[in-house]
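Reading through the structure tokens given below for one structure.
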Amino acid sequence: MDLNIEQGISLEVEGEIGKFQTLPIENLINIAQTLQDLVLAVAKYDITAKDLIHYDNFKIEITDFIKSSAVPVFALTPRISPTIDDVNEQRKELSEKLDDIFQITGSGDFGKIKDMYPDAERRNEMVMKLHAFTNSFGNSPVRVGVYRGQGQFENRYRVRKLTDRIKKNLLVTIDDQAIEKPITETAIATVQVTKRKDKKPRTTIKKVYTGDTHALSVTFSEISFKGVVYNLNHDLLCNYQIEDGVHVIKYDVFDLVGTGESEDEARDSFQEEFDHLYDWLNVIDESKLSLRLLAIKNILNLTIKGKNKE
């Protein structure tokens, strides 16, 4: 477990709302409230001793504000109300589950929420709370991290938006009566194309892949974002999946993920993530980077031949 909300978690807010190293009060209130709602929902559904919980013990407070972009720090309240069960153990359970949830926001693989919360009641509430939190930053990039004290923090996961379409796909509709409906599935096929001179090409389906998850690959010969083009020394061969209608492009070497409601949106998202990662790694003090991030920085800089404007 990386994140421990009892000790404190940081939220590094960049972009429009964090560009002056401050946060507008309405944004701060919205971020804090949606985080609080998410924390209380986790306490409600994921702590083992549900009947022995005092929910006041899971209220959060702002404990620091760091001017590196705009970085509020939140932690569980020190104002503990006694309970029969071990409060420290309850808080540990909460931190572990929150870490799992933030790993999902970091990967963009929101379909995993179905496995974490298979029943309708829990899943619907958690999806609504997570949707509200991940959208509370507007379009500003956000990273959640570990607070080390004395104004020091280490980023762990990107907070990616749970979009309206993904939310709709994850929510469970509870009907009074189950109505049988035709089932429509998306499938991917391997197709053999036979070309003959002066004749129309003939296609033959060799194999069909069905199910909720389909894996292919996409290649980037260059990265382009907001008028900036990264020329690469070699192509990036990325994993491409369609998960519950969400298009996901991953490049594990750099821990990059792009998501969208179409392949084009996922490509745009991936290129935005690439641009953000390059800028962030080449601005931040290397002493604040883990060994893995240092390795990613070195490989990334070797991958890029040049950076130019379109």
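The values are calculated or read from the model by the stated rules, or taken from the named source; none is laboratory data. What you see is a predicted model; the values in this text were computed from it and never measured. Cβ: placed from backbone, ideal geometry, glycine included. Neighbour counts: every protein chain shown. The protein model used for the area step is the full one, side chains on, heavy atoms only, and it has no ligands, DNA or RNA in it. Shrake-Rupley method; radii C 1.70, N 1.55, O 1.52, S 1.80 Å.
When every residue of the range 295-310 is checked against the conditions, none turns out to be surrounded by fewer than 18 Cβ atoms within 10 Å (Cβ to Cβ) and under 15 Å from the mean Cα position of the chain (by Cα). Looking across the range 143-173, the residues that are among the aliphatic types (A, V, I, L, M) and under 17 Å from Leu3 (Cα atoms) come down to Val144, Val146, Val159. Considering only residues that are surrounded by fewer than 19 Cβ atoms within 10 Å (Cβ to Cβ) and charged (D, E, K, R), which ones fall in the range 1-13? Those that are surrounded by fewer than 19 Cβ atoms within 10 Å (Cβ to Cβ) and charged (D, E, K, R): Asp2, Glu6.
So that you can scan it fast, the table gives a plain yes or no per residue for (1) modelled with pLDDT of 90 or more; (2) over 28 Å from Val172 (Cβ atoms); (3) of a type in the set (D, E, K, R):
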position: Leu52; (1), (2), (3): no, yes, no
position: Leu76; (1), (2), (3): yes, yes, no
position: Lys92; (1), (2), (3): yes, yes, yes
position: Tyr147; (1), (2), (3): no, yes, no
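In the range 277-306, the residues that are in contact (Cβ under 8 Å) with a residue 60 or more places away in the chain and closer than 20 Å to Lys250 by Cβ reach residues that are open to solvent by less than 40 Å² (accessible area, probe 1.4 Å) and not aliphatic (A, V, I, L, M) with C-beta atoms within less than 7 angstrom, at least six apart or across chains, in these pairs: Ile304/Tyr230. Exactly one residue among Val218, Val229, Val248, Val253 is under 30 Å from Gln152 (Cα atoms) and modelled with pLDDT of 85 or more, and that residue is Val253. The numbered conditions (1) of a type outside the set (D, E, K, R); (2) on the phi < 0 side of the Ramachandran plot; (3) touching a residue at least 12 places away in the same chain (Cβ under 8 Å) are all true for Gly227 except (2).
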